[in-house]
Amino acid sequence: MAYKPSKRGSREFKPLEINIFPMMNLMVVLVPLLLSTATAIKIGVIELNLPPATAGTISQSAIPTEAREDLDLTISLTSEGIYLSSSKAVLSNTEEDVGATIPPNEDGTWDFEALSQLLLEIKRRIAGTAFDTKRIIIQAEPQIEYQSLVSAMDASRSIPIDDQTEIELFPEVTISSGIVRR
């Protein structure tokens, strides 16, 4: 059996206001945190151009003439050293031999400072000509460490002249799929 509620304990209910201060405090903290994280993520990205995934070969008539007359400067990281080549020739360190352009150091590492200096010399020679480009291709043997590939990218993008000045070399880096052995 149901009983009638007593009138003794009845109170009037007042509409409650929603307390939005905790939510506002949360937003004050989260918005700057999210904005600073987005900036840090952008700084950590290495921008590069990967080769297109094609199943077959491309005919010469399908390639525009502007692309055919390009320098196609290529850095090849191998266990024998760094080879620097283009669509026109392979750059060698001696006249009679087409060995590595920059031989490895005694400890087996590569001299990326010498690579930057050589690329600066090439950039100065091609400046203002039809071969003046910002693109470079980097390829490496499968056993080459990833850090060496990143160091080659850094060496090819710019070279520091002094504490405040850097010269842009070839900032548009493309990673090639592999090296063909002779």
Q: Could you check how many residues of the stretch 116-150 are basic (Lys, Arg), part of a helix (DSSP H, G or I) and touching a residue at least 40 places away in the same chain (Cβ under 8 Å)?
A: 1
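Which residue out of Glu168, Glu172 is charged (D, E, K, R), touching a Lys or Arg at 6+ places or on another chain (Cβ under 6 Å) and closer than 17 Å to Leu73 by Cβ?
Working: Glu168 fails: touching a Lys or Arg at 6+ places or on another chain (Cβ under 6 Å).
Just a single option satisfies the conditions, and that option is Glu172.
Looking at the stretch 80-89, is at least one residue in contact with a Leu (Cβ under 7 Å, 6 or more places away or on another chain), within 22 Å of Asp154 (Cα to Cα) and either at pLDDT below 85 or of a type in the set (Gly, Ala, Ser) (or both)?
First pass over the stretch 80-89, keeping only residues in contact with a Leu (Cβ under 7 Å, 6 or more places away or on another chain): 82, 84-87.
With the extra rule that they be within 22 Å of Asp154 (Cα to Cα), the set shrinks to 82, 84-86.
Then keep just the ones that are either at pLDDT below 85 or of a type in the set (Gly, Ala, Ser) (or both); that gives 85-86.
Yes, because at least one residue in the stretch 80-89 is in contact with a Leu (Cβ under 7 Å, 6 or more places away or on another chain), within 22 Å of Asp154 (Cα to Cα) and either at pLDDT below 85 or of a type in the set (Gly, Ala, Ser) (or both).
The values are calculated or read from the model by the stated rules, or taken from the named source; none is laboratory data. What you see is a predicted model; the values in this text were computed from it and never measured. Note that we place each Cβ from the backbone using ideal geometry, even for glycine, and neighbour counts take in every protein chain shown.
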